[in-house]
Amino acid sequence: MRYSAAVVVIGGGATGVGVLRDLAMRGYSAILVERGDLASGTTGRFHGLLHSGARYVVSDPQTAKECAGENSVLARIHEDAVELTGGYFVSLPQDDPSYAERFTAGAAACQVPVTEIDTDECLRAEPRLNPAITRAFSTCDQAIDGWAMVTGTACSAIEYGAKVLTYHQVQAIQRVHGQVVAVVCRDLKSDAQVEIECNFVINAAGVWAAQVAELAGISDIGVVAGRGIMIAMAHRLVHSVISRCRYPSDGDLLVPAHTVTIIGTTDKSTANLDRLEIPAGEVQEMLDAGEALVPGFRQTRALRAWAGGRPLVQDHNLADADTRGLSRSMIVINHKERDHLSGMITVIGGKLSTYRLMAAQAVDLMCAQLGESRLCRTDQEAVPATRQRQNARLDERFATREQQAVTERGFDDQLICECELVTKGMLQQVLIANPTASFDDVRRLLRLGMGPCQGGFCALRAAGIAAELAQGETGAANVRLAQFIANRWGGQQPILYGDQLRQVVLDMQLQHGILNIPQLGGNGISPNQET
């Protein structure tokens, strides 16, 4: 298979699709290649926080300013993906009291909106918080759905003429006389070779950016991978983003996301980018940190733990193992200047909250290298909604689903995932549009299997519907089912206690004892190794 485009974007996370949309809106023909599904790497494994910048006003002022500038932009252009929760920074008795003063001074210097409020006012808004808090500050932190954001951005790029090739792994970046001329990929689903002729490559592969750069003969681009774990708790224990008012550390963030609360995050260096471990000790650290902020946190049902890899910019004044001390700011590498290779740049670092800014700076540099002037417009036009905003309250979401069932499908739209209120019609629509999609791909679009059973029941129903669409051919559906359950297990194993332990025992009895699912095949895990 052969394609041709002016630009190839490598990496299907937030930055990659942001670059793709920016290119398409500036009139460039562009193709994005991603070895897995969109947002299946770092973007799909974060804590769901749209930063106001407040977290970094002391430790990393440049990142604070970047986040502050993008916070309102993303809330405006991604209305369906952002929940305007607001946030609070709170001091506990054991926190350094002097940090609060540095925090307010840093916020003023970085122009990050922060307002001190009475602790009683904060506790009225968040009654589960530790009543011993000594100071409280309101911020513009919000919650954001990374999958919805990326899907919408990609769809917008496609509407402008761009193309997206998922499950395409880059094997080579071809160069002739110091100029990029093509990208060669392997279609992982058909095992076919794909060649894309191009004049420019933008490497937005995140923690894998160094590996991609090596395919063009470039080494030492200065990216350090930091691993952080997060845990989803079964209830919205808080209504707003809650942060410890202290120098950024482990377990000092609580983010309300849909129907759960996410606590994060640790920060350790890692070399194994495709198998990010979830150490039991770090899980206990997270639970202890949650207990300090919300008494009774440990008694709440923990649904799942996962790990994400952060692409951090190397600082030669710090050891690579000191990932907490590395800046979260971005850099764009001009390989024409640095490596004498025309037609390629790499963008690394940054936050999901600054993805649009990173994309704009990358495309600006490309235009400058090409001697062209095309203005960025991505902050001026909203990203079209790809799905209805998910209400946090299940009763409101159920009323919406019920109305949809009546108006769109009569009364015959079976509910197949009670936890996330996914219907048979919704699943059929996705599977028809994406015939080879894995159930993890479906999960990223519909949140199938994200609730307490973690796919224990809904995955079986989904397999039946997939087989039905395949006119009774069960082989592919069985493989999808086995892979999905294996991936779900990877994130439950580290947090097994209480109700979730009982849930897993029930699921395993059903899946292993009755249905013998491990014998169905498909024991492999998706390219980005779901955890």
Inset, instruction - Could you calculate the contour length gain from Ala271 to Asn516, that is, 0.36 nm times the residue separation minus the distance between their Cα atoms, to one decimal place in nm? - result: 84.7 nm
Inset, instruction - Can you give me the span-like helices of the chain, meaning DSSP H runs with 18 Å or more of Cα extent along the axis and Kyte-Doolittle mean at or above -0.5? - result: 61-77, 97-110, 146-159, 280-293, 355-370, 475-492
Inset, instruction - In debye, nearest 20, what is the charge dipole magnitude of the chain about its Cα centre with +1 on Lys and Arg Cβ and -1 on Asp and Glu Cβ, if you could check? - result: 500 debye
Legend entry - Accessible area (Å², 1.4 Å probe, nearest 10) - Thr166: 40 Å²
Inset, instruction - Pick out, in residue order, every one of the GluC sites (Glu not before Pro) in the stretch 46-130 that is DSSP loop and has at most 16 other C-beta atoms within 10 Å; say none if there are none. - result: Glu79
Inset, instruction - Measure off, as a whole percent, the carbon and sulfur share of the 1.4 Å-probe accessible area of the chain, all protein chains present. - result: 50 percent
Legend entry - Accessible area expressed per residue, the stretch 445-518, with surrounding protein chains retained (probe 1.4 Å, Å²): 43 Å²
Inset, instruction - On the full set of protein chains, 1.4 Å probe, figure out the accessible area of Leu415 and give it in Å² to the nearest 10. - result: 60 Å²
Inset, instruction - Using the charge dipole of the stretch 48-154 (Lys, Arg: +1 at Cβ; Asp, Glu: -1 at Cβ; taken about the Cα centre), state which of Val73, Val57, Leu84 has its Cα farthest towards the positive end. - result: Val57
Legend entry - the chain, relative contact order in percent, only Cα pairs under 8 angstrom and at least six apart counted: 18 percent
Legend entry - Where trypsin sites (Lys or Arg not before Pro) fall in DSSP loop in the stretch 165-194, at most 16 other Cβ within 10 Å: Lys189
Legend entry - Segment Gln299-Ser373, length gained on full extension (0.36 nm per residue, minus Cα span): 20.9 nm
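The values are calculated or read from the model by the stated rules, or taken from the named source; none is laboratory data. From a predicted model like this one, the values you see are computed outputs, not experimental measurements. Glycine also receives a Cβ, built like all others from the backbone with ideal geometry; neighbour counts cover every protein chain displayed. Please note that ligands, DNA and RNA were not included when accessible areas were found on the heavy atoms of the full protein model with its side chains. Shrake-Rupley method; radii C 1.70, N 1.55, O 1.52, S 1.80 Å.
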